[in-house]
């Protein structure tokens, strides 16, 4: 098993464990930026590669989760910017989850999740960053540090993002 250790010595876990523990976080961040499943998988792979390449620079001055989320956000923004410069492709709708005991409620929940994801994708990047990180459970202090902004600026971005999401979701009804 290959390990990637940072300057902090043995504080960085093996890459395989990082993927197992933070893969879902990376996938959710990728999902908030890319609708197309094939492109999203490509983005996830690019994020994982970027994390692997950046592990030697991990100094444990922030949590590993914060370190990975910062890399994922930055890579997702770069990926989307590159996609915008290319010709648009047709979007493939996301699949509904199957197997829940109540198919009607399951369909409603899936529809609401899709609407939230689609609305999040339409937010300007600064607002999208904040919403995604809040939904991932990061504290406001962690988010402000990750994005390199003051807590007041974070509060303003979050307020604007919530208002924009609320407006988009209400118009969609």
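A short reminder: the numbers here are calculations on the coordinates, not readings from a lab. The structure presented is a predicted model; accordingly, all values stated were derived computationally and were not measured. As a convention, Cβ positions derive from the backbone with ideal geometry for all residues, glycine included, and neighbour counts pool all protein chains shown.
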Hey, fewest Cβ within 10 Å first, where do 16, 104 land in order? 104, 16
To the nearest 0.05, what FRET efficiency results for residue 38 and residue 78 with a Förster distance of 25 Å applied to their C-beta separation? 0.90
Roughly speaking, what is the centre-to-centre gap between the stretch 26-41 and the stretch 138-173 when only Cα atoms are used, to the nearest Å? 20 Å
Rounded to one decimal in nm, the spacing of the 7 Å Cα→Cβ label points at residue 135 and residue 166 is 1.8 nm
Would you mind ranking 65, 82 so that the residue whose beta carbon has the fewest other beta carbons within 10 Å leads the list? 82, 65
